[in-house]
Amino acid sequence: MRSRMKGGRNNSIDLGDEDPSPLLQKARNASSESLPTVNQDVDLMEMEEEPPVGYYQQKSPPRERFPWKEAMLAVILTLGGVVFLPIGLYELVGRGDLRRGTPFLCISPFILLPGVYHLTILVRAYLGHRGYRYSQLIRRPH
């Protein structure tokens, strides 16, 4: 009985012509039967449990209806603020009239900011971004 190196890494014992003991033979057979080899296909889906009946037929929650009235209000507010701001700047800077430009400049942020805020929520909720819902909009009572 002598030890032989194969490939520099694997230390295996070459028993030569000697017959291995029955206990060693049984251990080799048991270990080779319990572990799958590279050539054996192992189906992982057979190992997992089946999902309950009706699992795949579950419906997704209904999508919220698009709030058209709030969307139109947001668009009108945004457009109003966008129109009032340059008018106020023109009256103040272009003509030099402080009395006519000040009201437009004071009103435009109060119209523009809520409109842009609601448009942002509407667009992001429509696109399905996480954390944005139509219910975040201010709605008038019915």
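The values are calculated or read from the model by the stated rules, or taken from the named source; none is laboratory data. Owing to the predicted nature of the structure, the values given are computational and were not obtained by experimental measurement. Every residue, glycine among them, receives a Cβ derived from its backbone with ideal geometry; neighbour counts consider all protein chains shown. Surface accessibility is based on the protein's heavy atoms, side chains included, excluding ligands, DNA and RNA. Shrake-Rupley method; radii C 1.70, N 1.55, O 1.52, S 1.80 Å.
At-a-glance table
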read-out: Cys106 versus Glu64: modelled label distance in nm, points set 7 Å from Cα along the beta carbon direction; value: 3.5
read-out: Surface per residue (accessible, 1.4 Å probe) for the stretch 60-136, Å²; value: 74
read-out: Inter-label distance for Arg133 and Tyr117, nm, one decimal - labels placed 7 Å from Cα along Cα-to-Cβ; value: 1.9
